[in-house]
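Visitor: Quick one: the structure is below, questions incoming.
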Amino acid sequence: MTWEAILKIRTYGKKGLNSKDIAMVDYIMKDGKARTIDKLFDDIYDIINKTKKMGQNEAYSLKLKTNRPANRRFNASKVALSQHFTNSPNYESKVIGENEVRTPIMEFKYVGN
């Protein structure tokens, strides 16, 4: 199961970011590494997978101790993430190449507080 499975879980069409999704993205991006959207989805999937293996009480206590999100789902689309990164002053982006259909591949980095 890969991050594509996260995208297939949603059945109601594309959704924007909610506050839990934003918290998850900010938690992952605050380490200062630059990531593409695909790499970010891989990291989100890893955290969700670890959280699902924990019990609900264990995940919640870890959230309180370390401020790590306890999400078990991620409902945002790639487009919603790209718009969030573009509109937020806490992120900077750069083009690192093009894919096979000549769409630019963007890399995003957290520069906020």
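Visitor: Give me a comma-separated list of calculated 3J(HN,Hα) values for region 31-47, in order, Karplus coefficients 6.51, -1.76, 1.60 applied at θ = phi - 60°, integers in Hz, x for any Gly or Pro.
Guide: Residue by residue, region 31-47 yields 6, x, 7, 7, 9, 7, 4, 5, 5, 5, 4, 4, 5, 4, 4, 4, 5 Hz.
Visitor: Just want to confirm a number: the relative contact order over the chain, from Cα pairs under 8 angstrom separated by 6+ residues, in percent.
Guide: 34 percent.
Visitor: Please work out the FRET efficiency for the pair N57 and N113, using the Cβ-Cβ distance as r and a Förster radius of 35 Å; give the result to the nearest 0.05.
Guide: 0.65
Visitor: Taking the dipole about the Cα centre of the chain, with the C-beta of Lys and Arg at +1 and of Asp and Glu at -1, give me whichever of L81, F41, G16 is farthest to the positive side.
Guide: G16
Visitor: Along the Cα-to-C-beta direction of K78, a point sits 7 Å from the Cα; which residues of region 91-113 have their amide N less than 11 Å from that point?
Guide: In region 91-113, the label zone of K78 (backbone N under 11 Å from the point 7 Å along Cα→Cβ) covers 99-101, 103-106.
Visitor: Largest first and in whole Å, what are the equivalent-ellipsoid semi-axes of region 30-69 based on the Cα gyration tensor, each being the root of 5 times an eigenvalue?
Guide: 22, 13, 5
Visitor: Taking every pair of alpha-carbon atoms in region 7-107, give the share separated by more than 18 Å as a whole percent.
Guide: 51
Visitor: Right, next: Within the chain, which is the longest segment that contains none of the trypsin sites (Lys or Arg not before Pro) sitting in a DSSP loop with at most 16 other Cβ atoms within 10 Å?
Guide: Of all site-free stretches, the longest is 34-71.
Visitor: On full extension of the chain, what length is gained from N67 through N90, given 0.36 nm per residue of separation minus the C-alpha to C-alpha distance?
Guide: 6.4 nm
No value in this document is a laboratory result; all are computed from the given coordinates. Remember, it's a predicted structure, so these values are computed and weren't measured experimentally. No Cβ is skipped: glycine too gets one built from the backbone with ideal geometry, and neighbour counts run over all protein chains shown.
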